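> Have a look at this one.
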Amino acid sequence: MRSYIGTHEVLDNIDYLELSLGTDPELWLGSAEESAEERAARMDAGDDILADDPELATPVAILTALAIEKHIHQLTTARRGRTAVTQ
């Protein structure tokens, strides 16, 4: 079965998110490879978009919460492997 949002065919979950938010999900979630400069530019763009469309804040918050929920195991596992360094 095919899914559409407007006239756009949804091919996968990323398409669904991008079409429903109107922006690439990576704008809100970032990527592991981005530099500090790229992150700052991405955050500025996100601020501008939310200033123009405050109603987008709720879907973006939901997207972020779902991403955290999906990857929480990786985050907690990584923290358990660390040891404190005292001086």
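The values are calculated or read from the model by the stated rules, or taken from the named source; none is laboratory data. Since this is a predicted model, take the numbers as computed values, not measurements. Each accessible area value is taken on the protein alone, full model and side chains, heavy atoms only, with ligands, DNA and RNA left out. Shrake-Rupley method; radii C 1.70, N 1.55, O 1.52, S 1.80 Å.
> From the backbone phi of the stretch 39-46, what are the Karplus-calculated ³J(HN,Hα) couplings (6.51 cos²θ - 1.76 cosθ + 1.60, θ = phi - 60°) in whole Hz, Gly and Pro given as x?
Values, residue by residue: 5, 4, 5, 5, 5, 4, 5, x Hz.
> For the full complex of protein chains and a 1.4 angstrom probe, list M1, M43 by accessible area with the highest value first.
The ordering from most to least exposed comes out as M1, M43.
> Same structure, new question: Can you list the HN-Hα couplings for the stretch 24-32, worked out from phi with the Karplus curve (6.51, -1.76, 1.60; θ = phi - 60°), rounded to whole Hz and with x for Gly and Pro?
5, x, 4, 4, 8, 9, x, 9, 5
> Additional query: When the solvent-accessible surface of protein heavy atoms is calculated with a 1.4 angstrom probe, in what order do H73, H8 fall, highest first?
Largest to smallest exposure gives the sequence H73, H8.
> Next up: ³J(HN,Hα) across the stretch 57-63 via Karplus (A = 6.51, B = -1.76, C = 1.60, θ = phi - 60°), whole Hz, x for Gly/Pro?
Per-residue couplings from phi come out as 4, 5, x, 5, 5, 5, 4 Hz.
> Give the long-range amide H neighbours of V10: residues separated by 5 or more places, or on another chain, with amide H under 5 Å away, using H modelled in the peptide plane at 1.01 Å from N.
Placed amide hydrogens put S3, Y4, I5 under 5 Å from V10.
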